[in-house]
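Take a look at the structure set out below.
The values are calculated or read from the model by the stated rules, or taken from the named source; none is laboratory data. Values in this document were obtained by computation on a predicted structure and should not be read as measured data. Backbone-built Cβ (ideal geometry, glycine too); neighbour counts: all protein chains shown. These accessible areas exclude ligands, DNA and RNA; they are computed on the full protein's heavy atoms, side chains included. Shrake-Rupley method; radii C 1.70, N 1.55, O 1.52, S 1.80 Å.
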Amino acid sequence: AAEKFSSLVAEKTNNAIQIEVLGLNEYVEKYNAGEQLDRYKIRELVDNGTIEMSQMYTTTLGLLDNDMFVLDMPFIFRDHDHAARVLDGAIGQELMDSLAEKTNIKGLAFTYSGGFRAIIGNKVIESIDDIQGQRVRVAHCPVAEDTLRAFGAEPVVMPIEQLRDAIGTGSVDAGESTYPRIYGMNQAEVAKSIVHTEHSLFLTSILVGTEFWNTLRPEQQHTISLAAKTAARAERTLSIADIASTQERAMADGIEIVKMDLVEQARFAKVTESVYTKYQDYFSPGLVSSIKNS
């Protein structure tokens, strides 16, 4: 997504604007004198203008604007088409505008970073009964934690980059992940099962610091905004395609793929009604119902 975004901007501006794409370690080595940074510090560096642009988890943005956590509500998205209508439509824009009002960060587009979450673990989970009492890794997100509690599991907050080792050492029984990460982060080495729960979306967003943004001419802003949306849609398509290919590869490697039937899906969804009750006054009025009715 980042590489496509960069190439689109260079093409459309005749190289007048060039976006240097760096992973976290690359940025640290080149611009931060080797001093390590985490994703929360990157958020601060975009907010204060040190970094012009970034791609970031929406769970991280939720710590700046609580409304971003609505995107992690359990079973709020019916399918990928529903998610696209929300993320690319008026609701998605309202979330981005709200973030810009509260910070020095402007959101340009929502990316998937893997799309719907699955649960991988060292045991086979075939029903909601099997997850009772299990220690399950979740993101640093109150909604995600409460969703796992509603399932009957014990949420363990840790970065997704640590999930492989945590399952391998037994410090957690399972963890939320997404299909591109199962092999990309070597989680398949320790996973015995992948439970296709699709209980929530794991989202990221392409961001720009408003200080830098305001230095651009209107036509440049339009070009960058359009390129971000184009790259985001392409990235989502690739993330969806990863599901089938990863499932096929995992089965060949002896990892069991568990797809819940409609009855079991309904059981998972039913217990998360308590999450909606808890957060009924947490988000901006009408936000949850607007998403559900889109």
Long-range amide H contacts for residue 257: which residues qualify at under 5 Å (H placed 1.01 Å from N, peptide plane, sequence gap of 5 or more or a different chain)? 194
For the stretch 76-150, the Debye formula with one identical point scatterer on each Cα and no solvent gives log10 I(q)/I(0) at q = 0.18, 0.23 Å⁻¹ as -0.93, -1.16
If one takes the longest principal axis of the Cα atoms in the chain, at what angle in degrees, from 0 to 90 and to the nearest 10, does the Cα axis of helix 2-12 lie? 30
Specify which residue in the list 265, 179, 228 is farthest towards the positive end of the charge dipole of the stretch 136-294, using unit charges on the beta carbon of Lys, Arg (+1) and Asp, Glu (-1), about the Cα centre. 228
If amide H atoms are modeled at 1.01 Å from N in the peptide plane, then the residues at a separation of 5 or more from residue 135, or on another chain, having amide H under 5 Å from its own are 154, 173, 174
For the stretch 140-205, what does the relative contact order come out to in percent, with C-alpha contacts under 8 Å and a separation of six or more? 23
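For a protection proxy built on the mean count of beta-carbon atoms within 10 angstrom, sort 134-142, 265-273, 210-218 highest first, please.
On the way: 134-142: 22.1, 265-273: 15.2, 210-218: 13.1.
In decreasing order of mean packing, 134-142, 265-273, 210-218 become 134-142, 265-273, 210-218.
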As a test question: what accessible area, to the nearest 10 Å², does residue 120 have when a 1.4 Å probe is rolled over all protein chains in place? 0
Area of residue 126 that stays accessible when all protein chains are in place (1.4 Å probe, Å², to 10): 110
May I ask you to evaluate 6.51 cos²θ - 1.76 cosθ + 1.60, the Karplus curve with θ = phi - 60°, for each residue of the stretch 55-61 and list the ³J(HN,Hα) values in order in whole Hz, giving x for glycine and proline? 10, 9, 4, 5, 5, 5, 5
Would you work out if the chain is rounded, prolate or oblate? Take a ≥ b ≥ c from the square roots of the eigenvalues of the alpha-carbon gyration tensor; rounded if a/c is under 1.5, else prolate when a/b is larger than b/c, oblate otherwise. prolate
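So if we plug the beta-carbon distance of residue 230 and residue 25 into 1/(1 + (r/R0)^6) with R0 = 22 Å, what FRET efficiency do we get, rounded to 0.05? Walk me through the numbers on the way to the answer.
Details: r = 27 Å, r/R0 = 1.24.
Calculated value: 0.20.
Report the antiparallel proportion of the DSSP beta bridges in the chain as a percent, rounded to a multiple of 5.
Numbers: 20 of 30 bridges.
The answer is about 65 percent antiparallel.
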Tell me the label-point distance for the pair residue 261, residue 33, using the 7 Å Cα-to-Cβ offset, in nm and rounded to one decimal. 6.3
Give the ranking of 226, 99 by solvent-accessible surface, highest area first, calculated with a 1.4 Å probe. 226, 99
Past the 32 Å Cα-Cα mark, which pairs from 30/229; 4/192; 102/123; 123/270? 4/192; 102/123
